[in-house]
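Let me begin by presenting the structure, written as structure tokens, before commenting on it.
The values are calculated or read from the model by the stated rules, or taken from the named source; none is laboratory data. Keep in mind that what you see is a predicted model, and the values were worked out from it rather than measured. Virtual Cβ from ideal backbone geometry, glycine too; neighbours counted across all protein chains shown.
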């Protein structure tokens, strides 16, 4: 789904703004999708909001491992994320036994989610996932443009030396 890729791109943009790169993002998405899918296949009664929070938390923890190694270990991001790409993918293959989560094991609300419309605009049906992705992109843009935290990211990425002189932890 383009919506999923758009949300992942928002996270990757945060990394790129700081002059770094995350090669492990695909492994993080795959690992998170498999684990959350497995949990849902065992327990179909988990509310959708809890599922989203669980997936975001898992991705944040895995991304934080990368961030900690880059920031405090002083290892270049390309090396760290290339390593975690392989580690996360290997752990996933070992945990899953190279098996997939089948859609018939997932709750109906998740399987039926892609064609759900958020609203209709004239002849266009705006899908819920697309609408949510647009909301995430807009919120992200507002945060990096108007909040001090977001503006610091731009400062660090555009000129790390000047950002350090200005007192930002670059």
Quick one: residue 156 ticks every box in (1) under 23 Å from residue 30 (Cβ atoms); (2) in contact (Cβ under 8 Å) with a residue 60 or more places away in the chain except a single one, so which number is it?
(1)
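Condition (residue is assigned to a helix (DSSP H, G or I) and closer than 16 Å to residue 29 by Cα) applied to the stretch 98-117: is it met by at least one residue? Explain how you work it out, then say what you get.
So the first thing to find is which residues in the stretch 98-117 are assigned to a helix (DSSP H, G or I), and the list is 103-105, 108-111.
Within this subset, residues satisfying the condition of being closer than 16 Å to residue 29 by Cα are none.
No, the stretch 98-117 contains no residue that is assigned to a helix (DSSP H, G or I) and closer than 16 Å to residue 29 by Cα.
Here's the yes/no breakdown for (1) in contact (Cβ under 8 Å) with a residue 40 or more places away in the chain; (2) in contact with a helix residue (DSSP H, G or I) (Cβ under 7 Å, 6 or more places away or on another chain):
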position: 1; (1), (2): yes, yes
position: 6; (1), (2): yes, yes
position: 16; (1), (2): yes, no
position: 23; (1), (2): yes, yes
position: 30; (1), (2): yes, yes
position: 34; (1), (2): yes, yes
position: 38; (1), (2): yes, no
position: 43; (1), (2): no, no
position: 51; (1), (2): yes, yes
Of all residues being in contact (Cβ under 8 Å) with a residue 24 or more places away in the chain and within 30 Å of residue 149 (Cα to Cα) in the stretch 109-133, which is surrounded by the most Cβ atoms within 10 Å (Cβ to Cβ)? Just the residue, please.
133
Considering only the stretch 1-43, how many residues are within 17 Å of residue 82 (Cβ to Cβ), within 10 Å of the chain's Cα centre (by Cα) and surrounded by fewer than 17 Cβ atoms within 10 Å (Cβ to Cβ)?
2
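Looking at the structure I just gave you, is residue 23 modelled with pLDDT of 95 or more, within 25 Å of residue 160 (Cβ to Cβ) and part of a loop (DSSP other than H, G, I, E, B)?
Details: modelled with pLDDT of 95 or more: yes; within 25 Å of residue 160 (Cβ to Cβ): yes; part of a loop (DSSP other than H, G, I, E, B): yes.
Taking the combined requirement at face value, the residue satisfies it.
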